[in-house]
Amino acid sequence: MSQFLQTLHDVTTLAADEPVIPGFTPSLPGELQNPTGKILGWTAGGGLALAVLGGLTGWACVAIGHNTERGQLAARGKSAIVWSVVAAVGIGVTSGLVWGFYTMTQGGK
């Protein structure tokens, strides 16, 4: 138990002192902020557009495969729909992560 108390004492002592790492605010230079935002926006928008197009193509394959009794085409269409949804979710999560990290690095501005 004494080792736990010693560790707790060390942690509280370190927390009470000045921070060991000096203050650092990472940010992009001003001339890079606009092009970077445009690139990220176009990439996310293009990726979502392609995911929607893949989903629509998948639904078309399901419809054609079902109506012409081609089970393999319908199965490929169902697979395309699933992968389009996975891609769209991935793009949305990545966009949210990038935005979250960018917001955290701004220091509450």
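Condition first: modelled with pLDDT of 80 or more, surrounded by 12 or more Cβ atoms within 10 Å (Cβ to Cβ) and either in a loop (DSSP other than H, G, I, E, B) or among the small types (Gly, Ala, Ser) (or both). Now tell me which residues in the range 22-70 satisfy that.
Residues satisfying the conditions are 44, 45, 47, 51, 54, 55, 58, 60, 63, 65, 70.
Consider only pairs whose beta carbons are under 7 Å apart and that are at least six residues apart or on different chains; among these, list those whose first residue lies in the range 57-83 and is among the charged types (D, E, K, R) and whose second residue is loosely packed, with under 15 Cβ neighbours inside 10 Å.
Close Cβ pairs satisfying both conditions: none exist.
The values are calculated or read from the model by the stated rules, or taken from the named source; none is laboratory data. Quantities reported herein were computed from a predicted structural model and do not represent experimental measurements. Cβ: placed from backbone, ideal geometry, glycine included. Neighbour counts: every protein chain shown.
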